[in-house]
1. On the basis of being within 22 Å of Ser212 (Cβ to Cβ) and surrounded by 13 or more Cβ atoms within 10 Å (Cβ to Cβ), does Asp148 make the cut?
2. Being at pLDDT below 75, assigned to a helix (DSSP H, G or I) and open to solvent by less than 80 Å² (accessible area, probe 1.4 Å) is the filter here; which residues of the stretch 1-17 pass it?
3. Kindly list, by first and then second residue, each pair from a residue in the stretch 61-72 that is over 15 Å from Lys98 (Cα atoms) to a residue that is among the aliphatic types (A, V, I, L, M) and open to solvent by 50 Å² or more (accessible area, probe 1.4 Å), limited to pairs with Cβ atoms under 9 Å and residues at least 6 apart or on different chains.
4. Give me the pairs: first residue in the stretch 233-246 and over 18 Å from Arg271 (Cβ atoms), second residue part of a helix (DSSP H, G or I), beta-carbon distance under 7 Å, and six or more apart or on different chains, which are they?
5. Examine the stretch 155-166 for a residue that is more than 20 Å from Val204 (Cα to Cα) and polar (S, T, N, Q), and state whether such a residue exists.
6. Within the stretch 255-278, count every residue that is over 19 Å from Leu213 (Cβ atoms), open to solvent by 20 Å² or more (accessible area, probe 1.4 Å) and either part of a strand (DSSP E or B) or β-branched (Val, Ile, Thr) (or both).
7. State all residues of the stretch 204-227 that are free of Cβ contacts under 8 Å to residues at least 12 places away in the same chain and either assigned to a helix (DSSP H, G or I) or of a type in the set (A, V, I, L, M, F, W, C) (or both); if no residue qualifies, say none.
8. Test Ile113 against the criterion of being open to solvent by 80 Å² or more (accessible area, probe 1.4 Å) and under 22 Å from Leu70 (Cβ atoms), and give yes or no.
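The values are calculated or read from the model by the stated rules, or taken from the named source; none is laboratory data. These figures come from a predicted structure and were not determined experimentally. Here the Cβ positions follow ideal geometry from the backbone for every residue, glycine too, while neighbour counts run over all protein chains shown. Calculation scope for accessible area: heavy atoms of the full protein, side chains included, ligands and nucleic acids excluded. Shrake-Rupley method; radii C 1.70, N 1.55, O 1.52, S 1.80 Å.
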Amino acid sequence: MSLAGVTGLPMTDEPNTINEVIEEKMNLWEQFLDDIWNSVSDTDLWMTVLKVVLRILMFLIISSIAKRILYRVIEHLMDPRSSKRLKLRARRVQTVGKLLKNTVSYIVNFIVILLILGEFNINLAPLLAGAGVIGLAIGFGAQSLVKDVITGFFIILEDHFSVGDVIETGKFKGTVEMIGLRATRLRSWTGEIYVIPNGSITDVTNYSVNNSLAVVDISVAASEQLDQAMDVVRGVLSRIEDVNLVGTPELLGVQAITASDVTLRITAVCRPNTQAVVSRHLYAEIKKAFESARNPRYYSMESAERIGGA
């Protein structure tokens, strides 16, 4: 194999030509090294790099300070002792505060990224246009998801209901087990679990916010003395004790009358969503009171004799 094949030099027998090629390549290498050294030793270049780095550090420091300030503002707004502009229950304050903090973090970080890209002379207009197109496509493709998330955020923010509340929405009624940004989970009193997308929650009835009203109707025979029956009922209402009662139950009077029956109506203010328990307690106590008064409709001599004989 020839020297030209090994070195890649032109095939020639003239030594001067080989020397010239070698010298030219050496000059190119020295020029390349000189260019690198000039770039490295260029004071203006390093000053420009230092300014860019300082501006990026400034952006990061300012964004960190801005996030801390906004976090403090959010914590102040979420503190019911210092501000009452947002009337949120204690179970919801932590969730709302976390959502707002995450939103602030995303917005501030997005702005910082745009500022840093601008420092590298990157044209942001195509990036923003592309992001807008992608966001529009995602919005059209996931309209129901976006609707669920937005609705879930306002359910949490406006405190429509909380975990543990008994609510009714549409054809579903139960105890709220979980509230998410996308869906809400209910548990019925018989144990079924309903997972409802937040976007489909258009109206809500919350049974756990205000005191409930237990309504009890008692039927007595039309042939019985009305005053005597009402005295029996009033005696029960005056001495009944129940932890769910807010006040003393009230006998409103005659609600309906027929040829065979007279219906007496009783109302009792009780704790939220406890009207069924209070009603059952009232029914039981009034039945016992009529038995003690030997009311013919609620008391039978034959049954008493059988029980006594037993």
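1. Details: within 22 Å of Ser212 (Cβ to Cβ): no; surrounded by 13 or more Cβ atoms within 10 Å (Cβ to Cβ): yes.
So Asp148 does not fit the description; no.
2. Across the stretch 1-17, the qualifying residues are Ala4, Gly5, Thr7.
3. Ser63/Ile111; Ser63/Leu115
4. If the second residue must be part of a helix (DSSP H, G or I), the pairs left are Val233/Ile286; Gly235/Ala289; Val236/Glu285; Val236/Ile286; Val236/Ala289.
5. no
6. Residues flagged as over 19 Å from Leu213 (Cβ atoms), open to solvent by 20 Å² or more (accessible area, probe 1.4 Å) and either part of a strand (DSSP E or B) or β-branched (Val, Ile, Thr) (or both) within the stretch 255-278 amount to 3.
7. If the condition is that a residue be free of Cβ contacts under 8 Å to residues at least 12 places away in the same chain and either assigned to a helix (DSSP H, G or I) or of a type in the set (A, V, I, L, M, F, W, C) (or both), then Asp227 is the only one that fits.
8. Numbers: open to solvent by 80 Å² or more (accessible area, probe 1.4 Å): yes; under 22 Å from Leu70 (Cβ atoms): yes.
It is true that Ile113 is open to solvent by 80 Å² or more (accessible area, probe 1.4 Å) and under 22 Å from Leu70 (Cβ atoms).
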